[in-house]
Amino acid sequence: MRAWIDNFRLILRGVGVIHKLSPYNLLAKCVRSVSNAALPFVNLYMSAAIVNALVARKPLTDLWGLVLLTLVLNLTLTLISKEMDAINYRKWNEFYLRYNLSIGEKAQSLPYDRIEDEKTHLLIKNVDDAMKISNYGLIKLHSRIPLLVENLCKVLFSLGLILSAIIQKSDNGQSMLQKIANTYYADGVLLILIGLAAFACIWANKRNATKSYDFLGRLSKRNRIYDYYLDHYLDSHKAGKDIRLYRQDRLILDEIDRVGEKNGDIVDDMNAAVFRNNCRIVGANFGLTFYTYFYVGLKAMTGVFEVGSILKYCGGVLQFATAFSAMMDALSQLQANGRYLQDYFAYMDLPSVHETAKTAHTEVDKVRQECCIEVEHVSFRYPGADEYVLKDVSFVISPGDRVAIVGQNGSGKTTMIKLICRLYEPTEGVIRCNGIDIREYDINQYMALLSVVFQDFKLFSFTLGQNVATDISYDRTRAENCLKKVGLEKRLEKMSDGLDTYMYRDFDKNGVEISGGEAQKIAMARAIYKDAPLVILDEPTAALDPIAEADIYAKFDEISGDKTTVFISHRLSSCRFCDNIIVFAEGRVVQQGKHDVLVSEKGSIYETLWEAQAQYYK
């Protein structure tokens, strides 16, 4: 009982979300359901009345009146149904789009470390699979609640007809057939068969729903592998070179085939289980149908009711069998859907960045002019991990400083930058901006202070100008100037539509495919356009040729201006102009200072790295 109550609460909450995403959509579908439920019973009742009038040789005017009433009722119910269909068609697209967007928007609101967590990945995958593959979650509510309403109405209408047939008894004589027709045993057998058919529906549909959830859980884990290869590699033009040169298509296709075979086995098992359960429903309904014809026919033969009522009462019982089965199917799916709703709400209830952040500090606007970053005894380890990625790190970045962070791969450089950017929260220690714990700032206001280019930056299939400005509307002159600063002036001139040229050909056949170096320059132009007081560049010239790299560094003072600038680089020649160099090794800061001082420390990490690269600078 507790499980049903909890599930009912989930359903009510889900209905509220559906109404919020698409107001009155579900109501329109339920009105349509009531209209559709009433239509067959109107026809059964009116058809019986017309047949009885014909048998009784009623006046023609009475017959025409019954026919006209039947047509009017049919027309009214059909028009209501069609109008609700039209409303639902418009509302469905609105609901489905907003439902998808709500899942994506929630992902964007989560703390970055939560997005990287495998449990969150699996939860999102479960929600996505439930929505797109099996139509569970809110989509199941959207489809099954109207179906439940329709068949519940049919069951109630049917029970009304069945009760009417049972209470009617004959008073004309006491022949053997009349005694059988009037006995309560005959009525009892009908009720028992109705109960058995109902029980078979409840039991079989519950098993079907349970099996479907279990099988879908197994499919979801495998579909994650399938979608990964299909979405990111097999049909991706960006991965096409490696796939062709190394014949990776064989590896990927073999893996997809393996996953597909396993999925096929799971689906076959599920279909077999559902088929066995459905056979039990069909068997119970067959027994009910057979006895119904016998029961109603016997009563008609003994004069309990008129001949035309055979159609009405037989139709009513048969409608009950079909409607009750469909109603229990809808109920069992709504019950099983509770697990998917739990997944959906577990995901939607994950605390967002705003919920996990502290109260915004009143002095946030003061940092817009300058940024002093203080990292004090910061340690960090990923959630669930035992080992620290960073351990007791401390340093200061003064306003207007040019700071380089260097070290070998895996030393913790990029992780430190992510902590400064508030993508992660320190496990221990504190990071301050102008003397205030960065967690006390409003997250959006704080991130507005940062212009960052990571190694794995992303450009999107928008126009060049929109990629630079990260907005639909933007200052075109300012965007052009940013592109000129990073050395893309000539490339811009060659683009047929200038700033309106689309990146890549995903949405526009005239889109341009750009090189890795050009993409990196556009990412840097984006950072410049933002005009934030703290600029962070993670390997800003990694994809550039030596000439372009030299040009970028020559313009570096112009690009960064008086802003506080931090960059990570493996090319130590770029560090010589910095005010401070912070050297990381195994998650710790092992050296700090200017280039000349650090390179003079024989045997140090920095001097070793410098000597390894010095031959290329001569």
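The values are calculated or read from the model by the stated rules, or taken from the named source; none is laboratory data. This one's a predicted model, so the numbers in the text were calculated from it and none came from an experiment. Positions of Cβ are backbone-derived with ideal geometry, glycine not excepted, and every protein chain shown enters the neighbour counts. With ligands, DNA and RNA removed, areas are computed over all heavy atoms of the protein, side chains included. Shrake-Rupley method; radii C 1.70, N 1.55, O 1.52, S 1.80 Å.
Of note:
- Listing of strands (runs of 3 or more DSSP E) fully contained in segment 557-615 that carry 3 or more residues being in contact (Cβ under 8 Å) with a residue 40 or more places away in the chain, farther than 23 Å from K418 by Cα and under 40 Å from the mean Cα position of the chain (by Cα): none
Matching residues to (1) open to solvent by 40 Å² or more (accessible area, probe 1.4 Å); (2) in a strand (DSSP E or B); (3) free of Cβ contacts under 8 Å to residues at least 60 places away in the same chain:
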{"site": "V375", "(1), (2), (3)": "no, yes, yes"}
{"site": "Y382", "(1), (2), (3)": "yes, no, no"}
{"site": "S394", "(1), (2), (3)": "yes, yes, no"}
{"site": "G400", "(1), (2), (3)": "no, no, no"}
{"site": "V403", "(1), (2), (3)": "no, yes, no"}
{"site": "S411", "(1), (2), (3)": "no, no, no"}
{"site": "M416", "(1), (2), (3)": "no, no, no"}
{"site": "L419", "(1), (2), (3)": "no, no, yes"}
{"site": "P426", "(1), (2), (3)": "no, no, yes"}
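- Residues that are open to solvent by less than 30 Å² (accessible area, probe 1.4 Å) and either part of a helix (DSSP H, G or I) or without any contact (Cβ under 8 Å) to a residue 40 or more places away in the chain (or both), drawn from segment 11-23: I11, G14, I18, L21
- Residue count for segment 79-93, restricted to those that are among the hydrophobic types (A, V, I, L, M, F, W, C) and loosely packed, with under 14 Cβ neighbours inside 10 Å: 2
- From the list A48, A53, A28, the one residue that fits, being part of a helix (DSSP H, G or I), in contact with a helix residue (DSSP H, G or I) (Cβ under 8 Å, 6 or more places away or on another chain), under 30 Å from A346 (Cα atoms) and among the small types (G, A, S), is A28.
- Criterion violated by M46 - all others in (1) over 45 Å from the mean Cα position of the chain (by Cα); (2) exposed (fewer than 15 other Cβ atoms within 10 Å of the Cβ) satisfied: (2)
- Failed condition for I80, given (1) part of a helix (DSSP H, G or I); (2) farther than 20 Å from C153 by Cα: (2)
- Any chance T76 is under 40 Å from the mean Cα position of the chain (by Cα), over 30 Å from M131 (Cβ atoms) and surrounded by 13 or more Cβ atoms within 10 Å (Cβ to Cβ): yes
- Segment 296-351 - residue that is among the charged types (D, E, K, R) and outside any helix (DSSP H, G or I) and, of those, least open to solvent (accessible area, probe 1.4 Å): D349
- Of all residues in segment 24-43, those that are open to solvent by less than 20 Å² (accessible area, probe 1.4 Å) and without any contact (Cβ under 8 Å) to a residue 60 or more places away in the chain total 1.
- Scanning segment 497-509 for residues that are part of a loop (DSSP other than H, G, I, E, B) and open to solvent by less than 100 Å² (accessible area, probe 1.4 Å) turns up D497, T501, Y504, D506, D508.
- Scanning segment 433-448 for residues that are within 34 Å of the chain's Cα centre (by Cα) and crowded, with 20+ Cβ neighbours inside 10 Å gives I438, Y441, Y446.
- Residues being hydrophobic (A, V, I, L, M, F, W, C) and under 11 Å from L141 (Cα atoms) - total across segment 4-23: 6
- Scanning segment 373-386 for residues that are farther than 14 Å from E428 by Cβ and either modelled with pLDDT of 90 or more or over 30 Å from the mean Cα position of the chain (by Cα) (or both) yields I373, E374, D386.
- Scanning segment 568-612 for residues that are at pLDDT below 85 and aliphatic (A, V, I, L, M), we see that the one that is surrounded by the fewest Cβ atoms within 10 Å (Cβ to Cβ) is A612.
- When segment 469-491 is filtered for residues that are buried (at least 18 other Cβ atoms within 10 Å of the Cβ), at pLDDT below 90 and under 39 Å from the mean Cα position of the chain (by Cα), the ones remaining, listed by number, are V486, L488.
- Only listed residue being at pLDDT 85 or above, under 43 Å from the mean Cα position of the chain (by Cα) and surrounded by fewer than 21 Cβ atoms within 10 Å (Cβ to Cβ), chosen from A543, A548, A532: A532
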